[in-house]
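Trainee: Before we start, here is the structure in question, set down as structure tokens.
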Amino acid sequence: MERAAPRLVRAQPLLRMADVSKRYGDVVALEHVSAEVYPGEVLGIVGESGSGKSTLLRMMNLEELPDEGRYSLDLPGVPEHLFAMDGYARRMLRARHIGIVYQNPHLGLLMKNSSSGNVAERLLVAGERRFSVLREKAKQSLEASEFPLERMDAPPIELSGGMQQRVQLAKAIALEPAVLLLDEPTTGLDVSVQALVLDTLKRLQRERRITMVIVSHDLGVIRTMADRVMVMRRGRVVEAGLVDQVFQDPQAAYTQALVHAKL
Amino acid sequence: MSLDTLTRPWKAFSYGFLDASAKREMRRKILKAIAVPGCQMPYASREVPIARGWGTGGLQATLTLVNPGSVVKVIDQGADDSVNAASIRRFIARVSGAATTLDTVQATIIQSRHRVPEEKLRADQVLVLQVPNPEPLRPVEPNMSVARQMHADADYGRMWLQLYEQIVRSGRVMQGASYPSLVNGRHVMTPSPIPRWDVPKLNMAKHLTILSAGREKRLFAVPPFTRVEPLVFDDVPYRVEDHAGLTCHRSGARGVFMNEIPQEDGTSLHEVSDSQLGVKLLNGEAPGEMWYRDGVFRP
Ligand SMILES: Nc1ncnc2c1ncn2[C@@H]1O[C@H](COP(=O)(O)OP(=O)(O)OP(=O)(O)O)[C@@H](O)[C@H]1O
Ligand SMILES: [Mg+2]
């Protein structure tokens with residue numbers, strides 16, 4: 001499927017998060033974090049364990065609210081302050097416009113339903129009520145995620161980790177979301193499977209120009225996937241910029257240590 | 001004037017067994033349930049002299065509604081010494097002085113475990129269903145707080161997902177009893193445990209239906225003239241049980257819901273599930289107006 005070019009040239013960010021802070025008791029999970037993602041772009045987020053990457057992604061998915069901060073998505077008919085919407089509106093917006101792939105497939109999938117059913121659920125939430133259409137669209141989505149169609153009715157619990165991530169991906173893209181959030185989508189997969197899943201993501205990105213935010217502690221994943229990168233530590237953004245720039249010429253001491261440890 | 005003339009004689013139990021405050025709560029909850037059709041209302045659920053799970057919810061509703069002018073019919077299976085239609089009926093009559101009947105047409109209150117009678121109910125009749133599992137979302141969402149949220153959002157996609165899975169696995173919708181249905185275009189209820197055959201009888205019906213679960217302590221209602229729509233896919237129509245062609249081996253009745261009675265030789269006999277209807281037909285009496293004719297529903 002071809003996306004029209006104007007999405008690329010529009011100068012307005014699609015996703016904008018400003019000054020977001022969140023604490024859990026004494027733990028500061030996010031501190032004055034701001035992020036912008038432009039249409040068709042892939043933003044990578046790296047950082048050590050506990051640096052707040054998943055928390056930030058959960059905010060972007062409107063699963064959780066911050067203590068302070070603002071969030072907007074530049075979509076027609078969507079209010080300007082997403083955190084200010086009531087719970088129902090947030091859930092509906094999430095169902096309609098945001099796709100997410102969790103590191104742990106148990107968070108994103110109904111393990112005992114069929115894989116195709118997991119994808120169909122997204123379409124059902126959006127109001128599709130024709131069985132034949134659900135089936136066809138689930139099939140298309142699974143195919144786009146390079147999931148073997150002969151297993152489309154197998155429950156995820158019977159599938160390998162890589163296959164489960166493909167089901168999550170198919171589910172996330174079924175409604176053509178405005179933004180696709182990926183939280184460590186390949187962590188825990190062996191290297192060859194990881195490469196295959198990344199290939200699928202790259203192909204999807206190339207063909208559909210899906211706007212993505214991908215979280216990983218693996219610099220290699222970020223380097224292959226992302227256009228821009230945000231480095232996080234202890235709930236703060238320590239550095240942000242174009243991937244090549246940040247990785248070749250890191251400014252912050254922390255990023256330098258991170259890049260050199262990796263190389 | 002003496003104290004005697006100002007007080008009532010002592011009685012071993014209140015009229016209708018439940019005490020006045022219990023009945024007041026039931027009445028309030030029933031009214032709320034009628035005000036928001038299909039929405040589950042929590043209630044205290046008092047002790048009655050049968051075990052939880054054996055129809056205590058329905059019994060509490062009936063005991064609240066009953067009065068000396070009522071005529072009560074009870075539908076359940078079996079007539080042995082345990083809890084069944086006969087013993088529940090006797091109990092209601094004993095504590096309320098109400099008359100009892102087997103005949104749907106005569107009854108003013110019909111308490112039922114698993115069926116809606118085959119004869120049409122009227123505006124002056126109340127159907128009380130004993131419900132084991134009032135929460136339609138339970139099979140798809142074990143967390144009841146989340147389920148409440150889903151009801152509030154009218155977020156029922158997972159109910160269709162359940163049907164999707166059945167079609168994928170078995171080629172058709174397998175849901176038999178308790179078919180999830182949308183009430184008044186807003187709340188999904190489980191009309192448990194009546195068969196699919198009986199669900200259309202609740203749609204735009206003249207009578208009030210109260211569904212009450214004593215063990216789960218919740219009740220809900222379908223008021224008269226309220227839409228009850230079984231959940232279906234736009235391209236997979238709702239189908240009732242295929243009983244139109246079966247004949248009752250005792251009464252010769254046809255075109256109504258049948259119980260299957262397996263025989264030793266592997267075949268099955270069928271008998272009309274609404275047994276009093278079968279008795280009427282055997283005695284050559286004319287039944288009341290029927291919901292189905294020749295196995296086809298006609299509202
Ligand atoms: N629901 C919660 N309750 C309490 N503390 C939490 C909660 N969620 C996150 N935290 C804390 O917030 C901090 C950031 O957590 P987060 O999961 O966002 O980190 P992360 O960068 O995704 O780490 P990882 O790489 O291990 O996934 C951690 O200290 C974590 O313990
Ligand atoms: Mg994380």
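Trainee: Report, by residue number, each residue of region B:138-177 that is under 24 Å from B:Pro223 (Cα atoms), in a loop (DSSP other than H, G, I, E, B), open to solvent by 30 Å² or more (accessible area, probe 1.4 Å) and of a type outside the set (D, E, K, R).
Mentor: If the condition is that a residue be under 24 Å from B:Pro223 (Cα atoms), in a loop (DSSP other than H, G, I, E, B), open to solvent by 30 Å² or more (accessible area, probe 1.4 Å) and of a type outside the set (D, E, K, R), then B:Ala154, B:Ala177 are the ones that fit.
Trainee: Mind checking which residues of region A:52-65 are within 13 Å of ligand 1 (Cβ to nearest atom) and either within 14 Å of chain B (Cβ to nearest Cβ) or open to solvent by less than 20 Å² (accessible area, probe 1.4 Å) (or both)?
Mentor: A:Gly52, A:Lys53, A:Thr55, A:Leu56, A:Leu57, A:Met59, A:Met60, A:Asn61, A:Glu63
Trainee: Give me the pairs: first residue in region A:60-76 and within 18 Å of A:Leu43 (Cα to Cα), second residue within 16 Å of ligand 1 (Cβ to nearest atom) and part of a loop (DSSP other than H, G, I, E, B), beta-carbon distance under 9 Å, and six or more apart or on different chains, which are they?
Mentor: Note: pairs meeting the criteria are A:Tyr71/A:Leu62.
Trainee: Suppose we filter A:Thr200, A:Thr255, A:Thr211 for residues that are open to solvent by less than 10 Å² (accessible area, probe 1.4 Å), touching a strand residue (DSSP E or B) at 6+ places or on another chain (Cβ under 6 Å) and away from ligand 1 (no atom under 16 Å from the Cβ); which single one remains?
Mentor: Criteria check complete, one pass: A:Thr211.
Trainee: Looking at region B:81-99, which of its residues are over 17 Å from the mean Cα position of the chain (by Cα), surrounded by fewer than 19 Cβ atoms within 10 Å (Cβ to Cβ) and not in a helix (DSSP H, G or I)?
Mentor: If the condition is that a residue be over 17 Å from the mean Cα position of the chain (by Cα), surrounded by fewer than 19 Cβ atoms within 10 Å (Cβ to Cβ) and not in a helix (DSSP H, G or I), then B:Asp81, B:Ser82, B:Gly97, B:Ala99 are the ones that fit.
Trainee: Within region A:109-122, which residues are closer than 20 Å to A:Arg208 by Cβ and either within 16 Å of ligand 1 (Cβ to nearest atom) or open to solvent by 10 Å² or more (accessible area, probe 1.4 Å) (or both)?
Mentor: Scanning region A:109-122 gives a single hit, A:Arg122.
Trainee: Also, quick follow-up: Would you point out the residue of region A:66-82, among those that are more than 17 Å from A:Glu176 (Cβ to Cβ) and surrounded by fewer than 18 Cβ atoms within 10 Å (Cβ to Cβ), that is nearest to ligand 2 (Cβ to nearest atom)?
Mentor: Of everything passing the filter in region A:66-82, A:Asp67 is nearest to ligand 2 (Cβ to nearest atom).
Trainee: Name the residues in region B:152-182 that are more than 9 Å from chain A (Cβ to nearest Cβ) and of a type in the set (Phe, Trp, Tyr), would you?
Mentor: B:Tyr179
Trainee: Here is a further query. Could you list, in sequence order, the residues of region B:1-58 that are farther than 28 Å from B:Asn84 by Cα and modelled with pLDDT under 95?
Mentor: Result: B:Met1, B:Ser2, B:Leu3, B:Asp4, B:Thr5, B:Leu6, B:Thr7, B:Arg8, B:Pro9, B:Trp10.
Trainee: Testing A:Gln140 on (1) over 19 Å from A:Gln164 (Cα atoms); (2) free of Cβ contacts under 8 Å to residues at least 60 places away in the same chain; (3) away from chain B (no Cβ under 14 Å), one condition comes back false. Which one is that?
Mentor: Among (1) over 19 Å from A:Gln164 (Cα atoms); (2) free of Cβ contacts under 8 Å to residues at least 60 places away in the same chain; (3) away from chain B (no Cβ under 14 Å), A:Gln140 violates only (1).
Trainee: Which of the residues belonging to region B:107-122 are part of a loop (DSSP other than H, G, I, E, B), free of Cβ contacts under 8 Å to residues at least 60 places away in the same chain and not aliphatic (A, V, I, L, M)?
Mentor: Answer for region B:107-122, where residues must be part of a loop (DSSP other than H, G, I, E, B), free of Cβ contacts under 8 Å to residues at least 60 places away in the same chain and not aliphatic (A, V, I, L, M): just B:Thr108.
Trainee: Filter region B:130-149 for residues that are touching a Leu at 6+ places or on another chain (Cβ under 8 Å) and within 10 Å of chain A (Cβ to nearest Cβ) and give the result.
Mentor: Correct list: B:Val140 only.
Trainee: Are any of the residues in region A:92-103 under 21 Å from A:Lys171 (Cα atoms), crowded, with 22+ Cβ neighbours inside 10 Å and within 16 Å of ligand 1 (Cβ to nearest atom)?
Mentor: yes
Trainee: Looking at (1) without any contact (Cβ under 8 Å) to a residue 12 or more places away in the chain; (2) within 16 Å of ligand 1 (Cβ to nearest atom); (3) not polar (S, T, N, Q), find the lone condition where A:Ala195 falls short.
Mentor: (2)
Trainee: Does A:Gly161 satisfy being free of Cβ contacts under 8 Å to residues at least 24 places away in the same chain and not basic (Lys, Arg)?
Mentor: no
Trainee: Free of Cβ contacts under 8 Å to residues at least 60 places away in the same chain and either within 22 Å of A:Thr255 (Cα to Cα) or within 11 Å of ligand 1 (Cβ to nearest atom) (or both): does that describe A:Glu31?
Mentor: Against the criterion (free of Cβ contacts under 8 Å to residues at least 60 places away in the same chain and either within 22 Å of A:Thr255 (Cα to Cα) or within 11 Å of ligand 1 (Cβ to nearest atom) (or both)), A:Glu31 does not qualify.
Trainee: When region B:1-50 is examined, which residues are found to be part of a helix (DSSP H, G or I), open to solvent by 40 Å² or more (accessible area, probe 1.4 Å) and β-branched (Val, Ile, Thr)?
Mentor: Across region B:1-50, the qualifying residues are B:Thr5, B:Ile34.
Trainee: Among the residues of region A:40-56, write down those that are of a type in the set (A, V, I, L, M), within 11 Å of ligand 2 (Cβ to nearest atom) and closer than 24 Å to A:Ala261 by Cα.
Mentor: A:Ile45
Yes/no per residue for (1) open to solvent by 30 Å² or more (accessible area, probe 1.4 Å); (2) more than 14 Å from chain A (Cβ to nearest Cβ); (3) over 23 Å from B:Thr209 (Cα atoms); (4) not hydrophobic (A, V, I, L, M, F, W, C):
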| position | (1), (2), (3), (4) |
| --- | --- |
| B:Pro224 | yes, yes, no, yes |
| B:Val232 | yes, no, no, no |
| B:His249 | yes, yes, yes, yes |
| B:Ala253 | no, yes, yes, no |
| B:Ile261 | yes, yes, yes, no |
| B:Glu264 | yes, yes, yes, yes |
| B:Ser273 | no, yes, no, yes |
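Trainee: Could I ask something else about it? Mind checking which residues of region A:83-98 are part of a helix (DSSP H, G or I) and either within 14 Å of chain B (Cβ to nearest Cβ) or within 13 Å of ligand 2 (Cβ to nearest atom) (or both)?
Mentor: Residues satisfying the conditions are A:Gly87, A:Tyr88, A:Ala89, A:Arg90, A:Arg91, A:Met92, A:Leu93, A:Arg94, A:Ala95, A:Arg96.
To keep it simple, each residue is scored yes or no on (1) at pLDDT below 95; (2) over 17 Å from the mean Cα position of the chain (by Cα); (3) of a type in the set (Ser, Thr, Tyr).
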position: A:Leu73; (1), (2), (3): no, no, no
position: A:Glu80; (1), (2), (3): yes, yes, no
position: A:Ala84; (1), (2), (3): no, yes, no
position: A:Ala89; (1), (2), (3): yes, yes, no
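Trainee: For region B:275-299, enumerate the residues that are open to solvent by 30 Å² or more (accessible area, probe 1.4 Å), in a loop (DSSP other than H, G, I, E, B) and under 22 Å from B:Ile110 (Cα atoms).
Mentor: If the condition is that a residue be open to solvent by 30 Å² or more (accessible area, probe 1.4 Å), in a loop (DSSP other than H, G, I, E, B) and under 22 Å from B:Ile110 (Cα atoms), then B:Glu285, B:Ala286, B:Pro287, B:Glu289, B:Arg298, B:Pro299 are the ones that fit.
Trainee: A further question on this structure: I'm told A:Gly77 meets every condition in (1) away from ligand 1 (no atom under 16 Å from the Cβ); (2) in contact with a Lys or Arg (Cβ under 7 Å, 6 or more places away or on another chain) except one. Can you identify the failing condition by its number?
Mentor: (2)
Trainee: Another question about this same structure. Checking B:Val183 against (1) open to solvent by 10 Å² or more (accessible area, probe 1.4 Å); (2) within 18 Å of B:Ala147 (Cα to Cα); (3) not aromatic (Phe, Trp, Tyr), only one condition comes out false. Which one?
Mentor: (1)
The values are calculated or read from the model by the stated rules, or taken from the named source; none is laboratory data. This structure is a prediction, so every number in the text was calculated from the model and none was measured. Reconstructed Cβ throughout: ideal geometry from the backbone, glycine too, with neighbour counts over all protein chains shown. Surface accessibility is based on the protein's heavy atoms, side chains included, excluding ligands, DNA and RNA. Shrake-Rupley method; radii C 1.70, N 1.55, O 1.52, S 1.80 Å.
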